[in-house]
Amino acid sequence: MNVKNYIDGCWREGDLKTVPVINPANGEQIAMIPLSTQDEVDEAALAAKRAQKQWALVPAPKRADYLYEIGYKLKEKKEYLAELLTKEMGKVIEEARGEVQEAIDMAFYMAGEGRRLFGETVPSELANKFAMSVRTPVGVAGLITPWNFPIAIASWKAFPALVSGNTVVWKPSNESPLMAYEFGKIFEEVGLPPGVVNIVFGAGPTVGTAIVEHPDISIISFTGSNATGSKVAELGGRLLKKVSLELGGKNAVIVMDDANLDLAVEGILWSAFGTAGQRCTACSRVIVHKAVKEEIVDRLLKAMDQLTIGDGLDPKTKVGPVVNKAALEKINHYVQIGKQEGATLVRGGNILADPPYDKGFYFEPTLFTDVRPDMTIAQEEIFGPIISLIEVSSLDEAIEVNNNVKFGLSSAIFSQDVNTIFKAQHLLDTGIVYINAGTTGAEIHLPFGGTKGTGNGHRDSGQAALDVYTEWKSIYVDYSGKLQRAQIDT
Ligand code: UN1
């Protein structure tokens, strides 16, 4: 597969350098993608800017009609897309289907917004004057999306941007660019006007930076690492752009002494080892009440022994590969740090291959116990199948440990006591809280995002996403026939 940029409604070949896309399950090359330059970003931004004027004039319900068509196409191609998604980033096929479904749901949900982009009417303080506020598009949206959810996260950003009248310049990740390529084909098939969505493939430092810096791109929406996110914030901030960031997590599952332990173990397993731990919502810490610690460790070990590791296309596989060699090495590095810091490695901890690790990037599901809350493995995002288990003596201590990290994306608590549950949902300081479920599994019609180092206050998904891609315009209509002045006594 030879992937091309999609700019102004055309597939652009150019004579750009190319890089391979590798299937992380077996090291095979599955496609080549171009490494674009500033020129391609300039062309895409120009096309997007030109198209935006017209697109904003299309009534929102008509813009939404394109999203319905995109949703139907995604549905039609669901199985094909899911398989390709597994091949490009490694997640197991069941999860890949779920991810494509997330994009389908988002298409229909945001299409519904086309008839519901509500503003407000507000009573004026003056007689014979009408006041209202309406949403207007920001302009051209620059979307920079990650490899771990290449179609879902793109849909969280592109669909609200489009329905509210923005056009898009999108840089997908080089690790999993094929969903973007397929998306481009769908945009073409449904007849989305040229320039409304432009897709530019390439390296972050070149293409990403060019998007963030481009004077015609007014809003940047980025999901990815904290290191890159703060660069995006700095650059975008200096240029006074609207910047929406979804960054890392250090999500915990709390297991209280009255928890349903079968359920808790299932929840931990799914959230820690699903997607090989490569979700920003993945469970990376288990904070367990001392009364049930031994029991939880025993049960987790038994359950971990049942996990089949392998190619995600095999329906028996429960844990697929991690995305690339660098990820393997990073995860391995954290395991070594955990051991050095004195945590007890009770299961896993190994790369399942020999150097140079180029035949599939597999890491054993890993469990550390005796982890102290201040250890590096309990503080930093690892993005791999590693659980750090921390013992506590009370709900208050569990909440404090949960909150005492720089991130604030997702948290979960297993308990059957109504007071514990209500206190926890109130005091856990993350943007997403689960009661009696793991830390993953956000639904598309609720706000998605986190507090503290996880972002900068914006949210993907749900109605909240519209706030990212629209500005409020306040409109006053004075029909008194005289000059009335607000705030001035007459
Ligand atoms: C992410 O890991 O970046 O809630 C997104 C979940 C998914 C989305 C995760 N629906 O785990």
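The values are calculated or read from the model by the stated rules, or taken from the named source; none is laboratory data. What you see is a predicted model; the values in this text were computed from it and never measured. Note that each Cβ is placed from the backbone with ideal geometry, even for glycine, and that neighbours are counted across all protein chains shown.
Of the residues making up the stretch 410-420, those that are surrounded by fewer than 17 Cβ atoms within 10 Å (Cβ to Cβ) and aliphatic (A, V, I, L, M) number 1. With respect to ILE296, determine if the residue is away from the ligand (no atom under 16 Å from the Cβ), modelled with pLDDT of 95 or more, in contact with a helix residue (DSSP H, G or I) (Cβ under 6 Å, 6 or more places away or on another chain) and among the β-branched types (Val, Ile, Thr). No: the conditions fail for ILE296. Of the listed requirements (1) in contact with a Leu (Cβ under 9 Å, 6 or more places away or on another chain); (2) within 16 Å of the ligand (Cβ to nearest atom), VAL286 misses just one: (2).
Scanning the stretch 37-65 for residues that are touching a Ser or Thr at 6+ places or on another chain (Cβ under 9 Å) and acidic (Asp, Glu) returns no hits. Candidates ASP262, ASP216, ASP257: the one that is touching a helix residue (DSSP H, G or I) at 6+ places or on another chain (Cβ under 9 Å), at pLDDT 95 or above, assigned to a loop (DSSP other than H, G, I, E, B) and not assigned by TED's automatic domain parsing to the domain that holds ALA51 is ASP257. One residue stands out among those in the stretch 234-271 that are among the acidic types (Asp, Glu) and within 16 Å of the ligand (Cβ to nearest atom): the one that is nearest to GLU471 (Cα to Cα), which is GLU246. Could you please let me know if VAL401 is under 24 Å from GLU341 (Cα atoms) and among the aliphatic types (A, V, I, L, M)? Yes: the conditions hold for VAL401.
Looking at LYS290, LYS242, LYS318, LYS330 in this structure, which one is in contact (Cβ under 8 Å) with a residue 40 or more places away in the chain, over 17 Å from the mean Cα position of the chain (by Cα) and assigned by TED's automatic domain parsing to the domain that holds PRO150?
Residue meeting the stated conditions: LYS242.
Hey, which of the strands (runs of 3 or more DSSP E) in the stretch 390-490, taking only ones fully inside, have at least 3 residues that are away from the ligand (no atom under 16 Å from the Cβ) and either under 30 Å from the mean Cα position of the chain (by Cα) or closer than 18 Å to GLY249 by Cβ (or both)? The strands (runs of 3 or more DSSP E) meeting that bar are 470-478. In summary, GLU295 fulfils each of the numbered conditions (1) closer than 24 Å to GLY248 by Cβ; (2) without any contact (Cβ under 8 Å) to a residue 40 or more places away in the chain with the single exception of condition (1).
For PRO150, state whether it is crowded, with 17+ Cβ neighbours inside 10 Å and not polar (S, T, N, Q). The answer is yes for PRO150.
Annotation note: Cβ proximity below 8 Å between a residue of the stretch 421-445 that is at pLDDT below 95 and a residue that is among the charged types (D, E, K, R) (sequence gap 6+ or interchain) occurs for no pair.
Yes/no matrix, rows are residues, columns are (1) aliphatic (A, V, I, L, M); (2) surrounded by 23 or more Cβ atoms within 10 Å (Cβ to Cβ); (3) touching a Phe, Trp or Tyr at 6+ places or on another chain (Cβ under 6 Å):
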| site | (1), (2), (3) |
| --- | --- |
| LYS242 | no, no, no |
| MET256 | yes, yes, no |
| ASN260 | no, no, no |
| THR275 | no, yes, no |
| ARG279 | no, yes, no |
| VAL292 | yes, no, no |
| GLN306 | no, no, no |
| LEU313 | yes, no, no |
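For the structure I just gave you, tell me whether VAL319 is surrounded by 24 or more Cβ atoms within 10 Å (Cβ to Cβ), closer than 18 Å to ILE351 by Cβ and within 16 Å of the ligand (Cβ to nearest atom). So VAL319 fits the description; yes.
For the list (1) in contact with a strand residue (DSSP E or B) (Cβ under 9 Å, 6 or more places away or on another chain); (2) surrounded by 15 or more Cβ atoms within 10 Å (Cβ to Cβ), I need the number of the one condition that GLU69 fails. It fails just one condition, (1).
Against the numbered list (1) out of contact with any strand residue (DSSP E or B) (no Cβ under 6 Å at 6 or more places or on another chain); (2) at pLDDT 95 or above, PRO205 comes up short only at (2).
On the given criteria, is ALA227 aliphatic (A, V, I, L, M) and closer than 30 Å to ASP417 by Cβ?
no
Restricting attention to the stretch 7-25 and to residues that are crowded, with 16+ Cβ neighbours inside 10 Å and more than 16 Å from ALA203 (Cα to Cα), the residue that is modelled with the lowest pLDDT turns out to be ARG12.
Taking every residue in the stretch 345-363 that is among the aliphatic types (A, V, I, L, M) and pairing it with any residue that is in a loop (DSSP other than H, G, I, E, B), at least 6 positions away or on another chain, the pairs with Cβ-Cβ distances below 7 Å are ILE351/TYR357; LEU352/TYR362; LEU352/GLU364; ALA353/LYS359; ALA353/GLY360; ALA353/TYR362.
For GLU102, indicate whether it is among the acidic types (Asp, Glu), touching a Phe, Trp or Tyr at 6+ places or on another chain (Cβ under 7 Å) and in contact (Cβ under 8 Å) with a residue 40 or more places away in the chain.
No; evaluated as a whole, the condition is false for this residue.
Regarding the stretch 273-292, can at least one residue be identified that is in a helix (DSSP H, G or I) and β-branched (Val, Ile, Thr)? Taking every residue of the stretch 273-292 in turn, at least one turns out to be in a helix (DSSP H, G or I) and β-branched (Val, Ile, Thr).
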